[in-house]
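Worksheet for the structure shown next.
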Amino acid sequence: MDIILLGPPGAGKGTQAQRLVATRGMIQLSTGDMLREAVAKGTPTGLKAKAVMEAGELVSDAIVSALIGERLDSCVGHGAIFDGFPRTKHQAEALEILLGERDRTLDHVIELVVDEEALVVRITGRFTCANCGASYHDKFHLPKVEGTCDVCGHHEFKRRPDDNEQTVRTRMAEYRAKTAPILPYYEEKGLVRRVDGMGSVEEVAAAIDAILDG
Ligand code: AMP
């Protein structure tokens, strides 16, 4: 089963994708994660993407579509979760071709419906353990012992450079202008399912499970 998780930054796509990986053996294809890895490694793609990502704008369709194509080849026999891709109509069309070439079809496009102002608070407060990646939040989920990761005991944490308020507002505007307009494309195909993304992680997970098992 191949699905897209669609929703603005901070809607919970990554969290829900990680859970589906753990519970269903699906593979998460996050273009944001792939690009951050490329930036960290200083690859040619990373060098091109770095400033664009820091500004909260969209990296070119050609770059992200190529990244997805490469990773899809390692998904044989597993369902794929597209997280943060496609983000434009061009990318949606590219995905259809990439899937068709591999005899795969899209089963669901799950839109996480959320309140934008709440997202700004969610995103600007989030941070992760620099060692194991466990997620925390300044307001909603601090480590039990200040400065120590609950999971691995590490003492260093990190924040994404694009999780500041100004960049978040640009990322939201990009979503509204370029990504939300791909919903009608998938609606015409009868693939869109909506989930209330403002519930708890468990509530959202249950709603997604009901769609996948329905
Ligand atoms: P994300 O982790 O999905 O929030 O993505 C972080 C940043 O990576 C975005 O703000 C964009 O700059 C870039 N990015 C990730 N996925 C895409 C995509 N599908 N198309 C264009 N840019 C992307």
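Tabulated data for the structure shown
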{"quantity": "Long-range neighbours under 7 Å by Cβ, at least six apart or interchain, first residue within 18 Å of G25 (Cα to Cα) within region 191-214, second open to solvent by 50 Å² or more (accessible area, probe 1.4 Å) and of a type in the set (G, A, S)", "calculated": "none"}
{"quantity": "Failed condition for R36, given (1) open to solvent by 20 Å² or more (accessible area, probe 1.4 Å); (2) more than 11 Å from the ligand (Cβ to nearest atom); (3) not polar (S, T, N, Q)", "calculated": "(2)"}
{"quantity": "Conditions (1) near the ligand (Cβ under 10 Å from one of its atoms); (2) out of contact with any strand residue (DSSP E or B) (no Cβ under 7 Å at 6 or more places or on another chain); (3) of a type in the set (S, T, N, Q); (4) within 27 Å of F140 (Cβ to Cβ); number of the one not met by T23", "calculated": "(1)"}
{"quantity": "Any chance E101 is open to solvent by 80 Å² or more (accessible area, probe 1.4 Å), among the charged types (D, E, K, R) and in contact (Cβ under 8 Å) with a residue 40 or more places away in the chain", "calculated": "no"}
{"quantity": "Among the candidates R159, R193, R169, residue that is over 21 Å from R122 (Cα atoms) and open to solvent by 70 Å² or more (accessible area, probe 1.4 Å)", "calculated": "R193"}
{"quantity": "Residues satisfying the stated conditions in region 157-211, i.e. touching a strand residue (DSSP E or B) at 6+ places or on another chain (Cβ under 7 Å), of a type outside the set (D, E, K, R) and more than 25 Å from V39 (Cα to Cα)", "calculated": "L183, Y186, L191, V192, V195, G197, V204, A207, I208, I211"}
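The values are calculated or read from the model by the stated rules, or taken from the named source; none is laboratory data. Given the structure is predicted, the values throughout are model-derived calculations rather than measurements. No Cβ is skipped: glycine too gets one built from the backbone with ideal geometry, and neighbour counts run over all protein chains shown. Side chains included, ligands, DNA and RNA excluded: accessible areas come from the protein's heavy atoms. Shrake-Rupley method; radii C 1.70, N 1.55, O 1.52, S 1.80 Å.
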